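Shown next, in structure tokens, is the structure this report addresses.
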Amino acid sequence: MLAVTKASLRAIFRSPSAVVFGLGFPLIFILVFGFIGGGGVSVTMALHNPADTNNYVIKGLLNSSIVKLADETDSVDIREDLEKGRIAAEVFIDSTTSTAGFTQYKIRTLTSSASADKYPILKMALSQTIQYIEEQRIPDQFKMITVQELPVLTGRKYKMIDFILPGMLGFSLLSAGIFGVAFIFFNLRQNLVLKRFYATPINRKNIVFGEGLSRIIFQLLTAIIIILVGHFVFKFTLVHGFVTFLEMMILSFIGLVIFMGFGFIVSSVAKNESSIPPFANLITLPQFLLGGTFFSTDAFPGWLQKFCEILPLKQLNDAMRNVAFEGAHLSDCLKQLGILAVWGIVVYVIAIKVFKWE
């Protein structure tokens, strides 16, 4: 078994495609998203009258990190940007003098259905700005409602890399487990290597375990590199340090073993090499899109969230994020581990039934 493992591992390291797909692509995504901070969203607005930038309401609005001012000042250009959803709204400010002798402002906003995702953010920022101005300018005895902010609790800053890295690590394991195993075992079968192995005194299990172990070693090495690059270069959060790192490696091992079972199934049901990608994509693509790799599944409809919860990649990603950022341990991830265990049993029962040596 160890001899088969050594030979297979040597072949993997000599394969450029295995190194690129197993390590290169995840690192590229992590490098890209690692430079994206957790600064939150921002929207752009346009002023009907550019001179209104001197207004203290607009000054307060632009001092926030949420709202930016568009460069366009022409009404035609502003209308076009609204219709195409490039800006959140066009803002009009009218001022009058009250009977008491102080200036009153009336703020009107013009938006479009194309900016339906941006306008609520601008509206929220505008309300916060008005509230802040009223708190500063209106005496306490005339205020109907006052808001007192308690001291801010100290917490960990959630960065984009804290969400992306576990998702990319999970998808890397999924791709390597399915595509890597499917192609290697199909080629071994196609070239009659498995048949020759089968005719030798080597135990059949040692052949399968040897090939599988080489995949596990290689992919766990890539997982180590991905986690270390994320941690030391982009400050990926490992709450309990080395203990969290070890628990993430254990989760990677569990996930990879389960995903390799899918690879055994694909390699057995594929009739030729060109049919492997379609079969493999049927398994990987839904999990890539619905497994919480790049974005949270909380944005999905309720019925779709229930479907997402049964996907093995979703459970692996959730367990990874709970361990890495929230400080959970494996004992706190029994739900995710239980679902993964069920998948493992089902997958390997099917794999044993359909696996072919010739």
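Is it true that residue 322 is under 13 Å from residue 251 (Cα atoms) and either surrounded by 14 or more Cβ atoms within 10 Å (Cβ to Cβ) or without any contact (Cβ under 8 Å) to a residue 60 or more places away in the chain (or both)? Walk me through it before giving the result.
On the way: under 13 Å from residue 251 (Cα atoms): yes; either surrounded by 14 or more Cβ atoms within 10 Å (Cβ to Cβ) or without any contact (Cβ under 8 Å) to a residue 60 or more places away in the chain (or both): yes.
For residue 322, the condition - under 13 Å from residue 251 (Cα atoms) and either surrounded by 14 or more Cβ atoms within 10 Å (Cβ to Cβ) or without any contact (Cβ under 8 Å) to a residue 60 or more places away in the chain (or both) - is met.
For region 296-312, the count of residues that are closer than 14 Å to residue 170 by Cα, modelled with pLDDT of 90 or more and not aromatic (Phe, Trp, Tyr) is nonzero.
Among the residues of region 263-278, those identified as within 26 Å of the chain's Cα centre (by Cα) and farther than 22 Å from residue 349 by Cβ are 277, 278.
Pairs are defined by a Cβ separation below 6 Å, a sequence spacing of at least 6 or placement on different chains, a first member in region 192-210 that is loosely packed, with under 13 Cβ neighbours inside 10 Å, and a second member that is assigned to a loop (DSSP other than H, G, I, E, B); the pairs so defined are 195/358.
The residue that is nearest to residue 178 (Cα to Cα), among those in region 240-257 that are outside any loop (DSSP other than H, G, I, E, B) and small (Gly, Ala, Ser), is 255.
Out of region 84-107, which residues are among the acidic types (Asp, Glu) and touching a helix residue (DSSP H, G or I) at 6+ places or on another chain (Cβ under 6 Å)? Show your work before the answer.
Residues of region 84-107 that are among the acidic types (Asp, Glu), as a first pass: 90, 94.
Within region 84-107, just 90 meets the criteria.
Say we look at region 283-319 and pick out the residues that are more than 15 Å from the chain's Cα centre (by Cα) and open to solvent by 70 Å² or more (accessible area, probe 1.4 Å); which of these is nearest to residue 262 (Cα to Cα)? Residue satisfying both the conditions and the ranking: 310.
Report the residue count in region 3-20 for those that are open to solvent by less than 30 Å² (accessible area, probe 1.4 Å), modelled with pLDDT of 70 or more and within 13 Å of residue 222 (Cα to Cα).
1
Go through (1) at pLDDT 90 or above; (2) in contact with a Ser or Thr (Cβ under 9 Å, 6 or more places away or on another chain) one by one and return the number of the condition residue 44 breaks. Status for residue 44: all satisfied but (2).
So, in region 258-282, how many residues would count as being assigned to a helix (DSSP H, G or I) and open to solvent by 40 Å² or more (accessible area, probe 1.4 Å)?
Let us first name the residues in region 258-282 that are assigned to a helix (DSSP H, G or I), namely 258-269, 273-282.
Filter once more, so that each one left must be open to solvent by 40 Å² or more (accessible area, probe 1.4 Å): 269, 273-274, 277-279, 281-282.
Here the count works out to 8.
Considering 160, 168, the condition of being surrounded by 21 or more Cβ atoms within 10 Å (Cβ to Cβ) and under 27 Å from residue 250 (Cβ atoms) is satisfied by 168 alone. Scanning region 165-212 for residues that are in contact with an Asp or Glu (Cβ under 7 Å, 6 or more places away or on another chain) and basic (Lys, Arg) turns up 189, 195.
The values are calculated or read from the model by the stated rules, or taken from the named source; none is laboratory data. The structure presented is a predicted model; accordingly, all values stated were derived computationally and were not measured. Because the Cβ atoms are built from the backbone with ideal geometry, glycine has one as well, and the counts that use them run over all protein chains shown. All accessible areas refer to the heavy atoms of the entire protein, side chains included, with ligands and DNA or RNA removed. Shrake-Rupley method; radii C 1.70, N 1.55, O 1.52, S 1.80 Å.
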